[in-house]
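*Asks:* Structure provided below as structure tokens; questions to follow.
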Amino acid sequence: MTPKDRIIVALDVPDPDEARALIAKLGDSVGVYKIGLELLFEGGQDLAKELVAEGKRVFIDAKLLDIEATVERATAAIAKTGAHFLTVHATDTKTLDAAVRGRGDSALKLLGVTVLTNLDRADLSEQGIDMPPLALVQERARLAQRAGLDGIVASGKEAAALHERLRNFLIVTPGIRQQGTDTQDQTRAVTPTIAVEAGADYLVVGRPITRADDPRAAAQKIAEEIASAEV
Ligand code: C5P
């Protein structure tokens with residue numbers, strides 16, 4: 001994988017036309033395009049198929065969680081789009097096994113969402129879970145690996161702890177900010193260098209690229225930082 005292939009750009013824009021304009025500006029400076037829930041319900045599904053037809057890699061950030069039959073069929077439907085990555089909540093083995101069955105022999109890679117980074121210990125306690133978030137992240141990452149997922153989404157701060165324990169398991173890290181820039185609402189942001197050194201295989205980058213005056217140049221700068229990070 002070249003450094004730019006490790007950049008997943010979050011297409012957090014309101015409609016497919018804006019997404020297309022952004023993709024045109026980016027050219028081949030990133031490796032994967034992430035379509036989240038907002039864009040999915042504004043024509044994001046057709047955009048996903050269009051990008052796949054152009055030979056681009058697509059990440060469907062649907063964060064599935066439901067009864068097994070529904071998760072299995074939804075995963076199978078998403079696999080048919082030709083997408084490369086799909087997220088599933090890694091809360092329990094039933095959900096994870098259903099997603100693995102649903103992707104069948106397609107090339108879709110499944111990524112587990114362990115604990116959303118906006119939740120702290122008090123939020124977990126509200127759900128009846130008496131555990132620090134990092135311990136729960138590790139527990140759910142183990143469940144995901146055992147079920148046969150391909151990797152997990154983890155913050156830069158969690159990546160190092162997971163990387164030590166989970167071999168041959170992808171770590172996809174959002175909340176990337178370059179040194180000295182605005183962290184916006186990311187409370188646990190890390191630089192591309194720190195994320196790669198912590199063991200991240202892919203970096204999810206939204207606003208630092210999408211809101212840059214020159215998105216392509218911003219992506220290239222991140223790729224250079226990935227290239228020079230020590231692993
Ligand atoms: O603009 P920014 O770089 O903060 O965007 C990060 C992307 O990663 C967004 O699409 C956001 O939903 C996603 N994400 C995140 N934190 C997580 C999981 C996903 O920021 N824990």
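*Asks:* Among the residues of the range 90-138, count how many are without any contact (Cβ under 8 Å) to a residue 12 or more places away in the chain, among the charged types (D, E, K, R) and under 25 Å from LYS157 (Cβ atoms).
*Replies:* 3
*Asks:* In the range 164-180, what count of residues is obtained for those that are within 16 Å of the ligand (Cβ to nearest atom), part of a loop (DSSP other than H, G, I, E, B) and within 19 Å of LEU134 (Cα to Cα)?
*Replies:* Result for the range 164-180: 2.
*Asks:* Among the residues of the range 76-126 satisfying the criterion of being more than 13 Å from GLY148 (Cα to Cα) and among the basic types (Lys, Arg), which is surrounded by the fewest Cβ atoms within 10 Å (Cβ to Cβ)?
*Replies:* Across the range 76-126, the extreme among qualifying residues is LYS80.
*Asks:* Only residues that are within 30 Å of ALA83 (Cα to Cα) and not in a strand (DSSP E or B): list them for the range 112-132, please.
*Replies:* We begin by selecting, within the range 112-132, every residue within 30 Å of ALA83 (Cα to Cα); these are 112-119.
Scanning the range 112-132 gives THR114, VAL115, LEU116, THR117, ASN118, LEU119.
*Asks:* Further, regarding this structure: Going by the conditions given, is VAL32 open to solvent by less than 60 Å² (accessible area, probe 1.4 Å), more than 13 Å from the chain's Cα centre (by Cα) and of a type in the set (A, V, I, L, M, F, W, C)?
*Replies:* No: the conditions fail for VAL32.
The values are calculated or read from the model by the stated rules, or taken from the named source; none is laboratory data. Quick caveat: nothing in here was measured; it's all calculated off a predicted structure. Ideal geometry is used to build each Cβ from the backbone, glycine not excepted, and the neighbour counts take in all protein chains shown. Heads up: the accessible areas ignore ligands, DNA and RNA and are worked out on the full protein's heavy atoms, side chains in. Shrake-Rupley method; radii C 1.70, N 1.55, O 1.52, S 1.80 Å.
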